[in-house]
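Comments concern the structure below.
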């Protein structure tokens, strides 16, 4: 997938491992519990998306927009160490 509009789509629990989802609008999409291991989400718009407990390890998130995204419990690499971190409510 690249340069697509997938706004408000339900991909809950989807296995999107190693997918190329670049330059894509996923505004308001439900990606809860999705497996995005090694996925490329570069330059994608995930504004307001739901990524509760999604797995984003080794994902390429370069320039992706996660503004107001619900990422509670998401597993993603720490920017400084690359080690897995768990996003919690602040």
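The values are calculated or read from the model by the stated rules, or taken from the named source; none is laboratory data. The shown structure was predicted, so the numbers you read here are calculated from the model rather than taken from an experiment. Quick reminder, even Gly has a Cβ in these numbers, built from the backbone with ideal geometry, and neighbours come from all protein chains shown.
Tabulated data
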quantity: Subset of the range 1-25 that is in a strand (DSSP E or B) and surrounded by 15 or more Cβ atoms within 10 Å (Cβ to Cβ) - its residue that is modelled with the lowest pLDDT; calculated: 22
quantity: Selection count, the range 67-90, where residues are out of contact with any strand residue (DSSP E or B) (no Cβ under 6 Å at 6 or more places or on another chain), surrounded by fewer than 20 Cβ atoms within 10 Å (Cβ to Cβ) and either modelled with pLDDT of 95 or more or in a loop (DSSP other than H, G, I, E, B) (or both); calculated: 13
quantity: In the range 26-42, the residues that are in a strand (DSSP E or B) and either at pLDDT 95 or above or touching a helix residue (DSSP H, G or I) at 6+ places or on another chain (Cβ under 6 Å) (or both); calculated: 30, 35
quantity: Count of the range 46-58 residues which are surrounded by fewer than 24 Cβ atoms within 10 Å (Cβ to Cβ) and either farther than 10 Å from residue 69 by Cα or more than 10 Å from the chain's Cα centre (by Cα) (or both); calculated: 6
